[in-house]
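Here the structure comes first, spelled out in structure tokens, and everything after it is commentary.
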């Protein structure tokens with residue numbers, strides 16, 4: 001077994017890959033005991049990840065009719081129980097689930113109900129009860145109450161996400177030259193103009209047309225790893241190779257090769273993040289953002305790719321952490337879900353309830369987290385969305401309390417302000 005790298009040697013190695021790294025926090029937590037080794041990774045899936053595709057409830061009698069062309073076939077879903085499966089691209093997550101190390105929360109949401117990327121991402125990352133309620137992130141406030149001189153945090157990306165911004169300086173790591181913010185701009189502009197009677201519908205139609213064009217071209221030009229950071233250091237340009245028109249069989253081969261390249265880059269991203277976390281004095285809390293989940297049109301092909309990359313990142317974390325996986329919990333969450341019904345362009349629109357993935361060697365085996373409201377007409381939220389039965393803050397509170405030992409009073413008042421009504425999910429770890 002290879003001996004762990006020192007922080008200095010790791011910095012030298014990633015510098016050779018063109019990766020920028022900075023450790024800005026206080027002195028590392030050197031206390032003895034099992035608690036000192038416990039780690040938390042939060043994966044933010046930006047754009048509104050479709051929970052009904054992540055964990056399709058193929059056993060729900062209303063699922064197939066509601067989802068139409070975007071439904072996952074029962075014989076393709078990776079079975080979890082009599083109702084739920086996982087999308088077939090989530091093979092590594094499914095393998096962990098079979099070992100009791102991955103679970104789903106299939107009807108979860110933040111307190112926000114506006115279906116706006118601006119607002120929903122703010123609430124998800126600040127942990128506030130209402131939009132723009134606070135200006136710091138709940139993971140940063142977690143570091144604050146745990147003691148900034150005892151625990152280091154790490155953000156992945158050229159810009160620290162809001163979830164880790166605040167009084168405590170967190171480390172930052174950016175593979176390559178930085179974020180291409182243009183990837184996120186269209187969905188934010190849609191929020192900005194949605195109330196405008198002229199610009200709103202026109203912009204929405206434009207996005208649908210663009211999404212359809214991208215879906216149609218996927219076989220010719222597979223998507224890059226949708227990470228909120230440039231993947232130059234891992235696969236050259238960070239993009240799958242451009243190809244010219246060629247016979248269908250050649251196109252298929254190139255598409256498969258491009259997807260394989262992207263998945264390997266995503267796995268390497270997860271493994272490199274794990275490499276930081278296993279070092280003596282390395283970060284115990286990390287956040288990473290994955291973009292590209294706003295699937296208004298051509299959803300099936302887009303999510304096949306996105307979920308494959310998400311699965312690879314999580315697999316890289318698992319294998320990269322090695323023995324430290326047993327001390328780790330990973331939560332993958334999104335700002336909101338998608339509509340239960342498919343729209344006219346083979347996609348879904350902004351919704352409410354979605355699925356969160358909870359993984360880790362510290363996780364207790366069990367069924368779904370929270371309750372499933374069903375997809376019956378009368379059970380849908382506002383006649384269109386999965387009705388949330390679990391407050392996102394309750395899930396995170398349960399992880400922070402049981403896994404990292406954060407005080408309940410601090411959770412209710414500081415980490416998640418004015419959140420006493422959001423009860424922690426217990427018995428997770």
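The values are calculated or read from the model by the stated rules, or taken from the named source; none is laboratory data. Worth saying up front: this structure is predicted, and the values here are computed from it rather than measured. Virtual Cβ from ideal backbone geometry, glycine too; neighbours counted across all protein chains shown.
Quick notes on this structure:
- Of all the numbered requirements in (1) under 26 Å from residue 117 (Cα atoms); (2) in a loop (DSSP other than H, G, I, E, B); (3) in contact with a helix residue (DSSP H, G or I) (Cβ under 8 Å, 6 or more places away or on another chain), residue 411 misses one, and that requirement is (2).
- Selection of first residues in region 400-429 that are at positive phi and touching a residue at least 60 places away in the same chain (Cβ under 8 Å) and of second residues that are part of a loop (DSSP other than H, G, I, E, B) and buried (at least 16 other Cβ atoms within 10 Å of the Cβ), restricted to Cβ pairs under 7 Å at least 6 apart or on distinct chains, gives the following pairs, ordered by first then second residue: 418/129.
- Test result for residue 104, under 30 Å from residue 79 (Cβ atoms), at pLDDT 60 or above and not in a loop (DSSP other than H, G, I, E, B): yes
- So residue 421, is it part of a loop (DSSP other than H, G, I, E, B) and over 19 Å from the mean Cα position of the chain (by Cα): yes
- A search for C-beta distances below 6 Å between a residue of region 151-172 that is closer than 10 Å to residue 136 by Cα and any residue that is at pLDDT below 90 and buried (at least 24 other Cβ atoms within 10 Å of the Cβ), counting only pairs 6+ apart in sequence or on different chains, returns 164/170.
- Scanning region 371-397 for residues being assigned to a loop (DSSP other than H, G, I, E, B) and closer than 23 Å to residue 416 by Cβ gives a total of 5.
- Screening region 1-77 for helices (runs of 4 or more DSSP H) wholly inside it with 1 or more residues that are farther than 20 Å from residue 346 by Cα and either at pLDDT 95 or above or in contact with a helix residue (DSSP H, G or I) (Cβ under 9 Å, 6 or more places away or on another chain) (or both) returns the ranges 7-16.
- Considering 347, 394, 367, the condition of being within 21 Å of the chain's Cα centre (by Cα), surrounded by 20 or more Cβ atoms within 10 Å (Cβ to Cβ) and touching a residue at least 40 places away in the same chain (Cβ under 8 Å) is satisfied by 347 alone.
- For region 67-82, residues that are in contact (Cβ under 8 Å) with a residue 40 or more places away in the chain and surrounded by fewer than 18 Cβ atoms within 10 Å (Cβ to Cβ) total 3.
- In the condition set (1) at negative phi; (2) at pLDDT 95 or above, residue 360 is compliant with all but (1).
- Each residue in region 121-133 was checked for being farther than 16 Å from residue 411 by Cα and modelled with pLDDT of 95 or more, and 2 of them qualify.
- Between 406, 399, 415, 386, the distinction of being farther than 20 Å from residue 58 by Cβ and touching a strand residue (DSSP E or B) at 6+ places or on another chain (Cβ under 7 Å) belongs to 399 only.
- Restricting 100, 127 to residues that are in contact with a helix residue (DSSP H, G or I) (Cβ under 8 Å, 6 or more places away or on another chain), farther than 23 Å from residue 373 by Cα and touching a residue at least 40 places away in the same chain (Cβ under 8 Å) narrows the list to 127.
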